[in-house]
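Undergrad: Quick one: structure below, then a few questions.
The values are calculated or read from the model by the stated rules, or taken from the named source; none is laboratory data. None of the values given here were measured: they were computed from a predicted structure. Reconstructed Cβ throughout: ideal geometry from the backbone, glycine too, with neighbour counts over all protein chains shown. Remember, those area values only see protein heavy atoms, side chains included, never the ligands or the DNA or RNA. Shrake-Rupley method; radii C 1.70, N 1.55, O 1.52, S 1.80 Å.
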Amino acid sequence: MVNLLKILITYFSQTGNTEKVAKSIYEGCQGEDVELKPIKEVDPSDLKNYDLVFLGSGIYASRVNKSLADLVAAAQDLPPKFVFFNTHASKEAYQDGFKVVKSKIGQSSQIIDEFDCCGDNIGVPEAIRKSMLDRLPEDKRKEAEAHQQWLKGRPNEEDLQNARIFAQSVIKKL
Ligand SMILES: Cc1cc2nc3c(=O)[nH]c(=O)nc-3n(C[C@H](O)[C@H](O)[C@H](O)COP(=O)(O)O)c2cc1C
């Protein structure tokens, strides 16, 4: 009998970008015993029943949503392994996004990998984006416009394919 890995993919997603990545990770995990759930549907006492939990969020004010740390803190026992994933719009203000979650996990579990993905900032209305750009000096405005253009529509199909490949690579090394 083949022993399937029991995997949970759970996420917080305000505007849908992280949800798209979560679905692609789910697709990459096919063949295992895998579940995909928004974080609000996860019972903390169930976490210990998984071999591996993929935990994801968009980045808001440099951090993942608080529900991730709350979930981990509310669980009496944690799964042996976590993988983190995020979507973010800035070039830098995301790199320490899981700081609080990591401190809650402490030494209890291994964080075996992380996946970062760009996500278009669709939560900020176009008019506000434009007025923010207009306030910048010309060189900075051009740079910011180029960045917004590069972010447009992301995660795109290539990003989602990378998420599937990432999930497969995580499973392979277990
Ligand atoms: C209120 C708000 C704050 C944000 N703050 C950051 C930030 O600090 N750093 C960053 O890289 N992206 C930031 N973003 C962009 C989001 O992280 C990005 O669009 C992400 O893909 C959103 O994920 P979601 O669609 O799953 O909610 C912010 C977006 C919103 C709406």
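Undergrad: Please report, ordered by residue number, every helix of the chain (full DSSP H runs) that is 30 Å or longer along its axis going by C-alpha atoms and whose mean Kyte-Doolittle hydropathy reaches 1.6.
TA: For the chain, where a helix must reach 30 Å along its axis and average at least 1.6, there are no hits.
Undergrad: According to the Cα gyration tensor, what semi-axes, each the square root of 5 times an eigenvalue, does the equivalent ellipsoid of the stretch 1-55 have, listed from largest to smallest in whole Å?
TA: 20, 15, 6
Undergrad: Let me ask something additional. May I have the extent of the alpha carbons of the chain along their three principal axes, as whole Å values ordered from largest to smallest?
TA: Projected onto the principal axes, the Cα atoms of the chain cover 62, 30, 24 Å.
Undergrad: Using the structure shown, select from 66/173; 152/173; 91/172; 91/152 the pairs with a Cα to Cα distance greater than 23 angstrom.
TA: Those over the limit are 66/173; 152/173; 91/172.
Undergrad: Rounded to the nearest whole Å³, what is the per residue volume of the convex hull around the Cα atoms of the stretch 51-120?
TA: Taking only Cα atoms, the stretch 51-120 has a hull volume of 75 Å³ per residue.
Undergrad: Past the 30 Å Cα-Cα mark, which pairs from 23/81; 99/142; 20/48?
TA: 99/142
Undergrad: Evaluate the charge dipole of the chain about its Cα centre and quote only its size in Debye, nearest 20, assuming +1 on the Cβ of each Lys and Arg and -1 on the Cβ of each Asp and Glu.
TA: 320
Undergrad: Additional query: Can you pull the one-decimal nm distance between simple spin-label points at residue 27 and residue 133, each 7 Å off the Cα toward Cβ?
TA: Reported label-point gap for residue 27 and residue 133 is 3.0 nm.
Undergrad: If you don't mind, another one. What are the ³J(HN,Hα) values, in whole Hz, obtained from phi via the Karplus relation 6.51 cos²θ - 1.76 cosθ + 1.60 with θ = phi - 60°, for each residue of the stretch 76-82 in sequence order, with x given for Gly and Pro?
TA: 6, 10, 10, x, x, 9, 10
Undergrad: Please identify every one of the GluC sites (Glu not before Pro) in the stretch 84-150 that sits in a loop by DSSP and has no more than 15 other beta carbons within 10 Å of its own beta carbon.
TA: Of the GluC sites (Glu not before Pro), the ones in loops of the stretch 84-150 whose Cβ has at most 15 other Cβ atoms within 10 Å are 92.
Undergrad: Which order do 1, 132 take when ranked by solvent-accessible area (1.4 Å probe, heavy atoms of all protein chains), largest first?
TA: 1, 132
Undergrad: Compute the distance from the alpha-carbon center of the stretch 73-138 to that of the stretch 3-59, in whole Å.
TA: Taking the Cα centre of each part, the stretch 73-138 and the stretch 3-59 sit 16 Å apart.
Undergrad: Right, next: Using a 1.4 Å probe, how large is the accessible area of residue 124, given in Å² and rounded to the nearest 10?
TA: Accessible area of residue 124: about 40 Å².
Undergrad: Considering the options 95, 84, 36, tell which one lies farthest towards the positive end of the dipole of the chain, charges being +1 on Lys and Arg and -1 on Asp and Glu at the Cβ, about the Cα centre.
TA: 95
Undergrad: Mind listing the phi-derived Karplus ³J(HN,Hα) values for the stretch 54-61, rounded to whole Hz, using 6.51, -1.76 and 1.60 with θ = phi - 60°, and x for any glycine or proline?
TA: Each residue of the stretch 54-61 in turn: 8, 10, x, 6, x, 9, 10, 6 Hz.
Undergrad: How charged is the neighbourhood of residue 101? Take every other residue with its Cβ under 10 Å from the Cβ of residue 101, and add Lys/Arg as +1 and Asp/Glu as -1.
TA: Value of the local net charge: +4.
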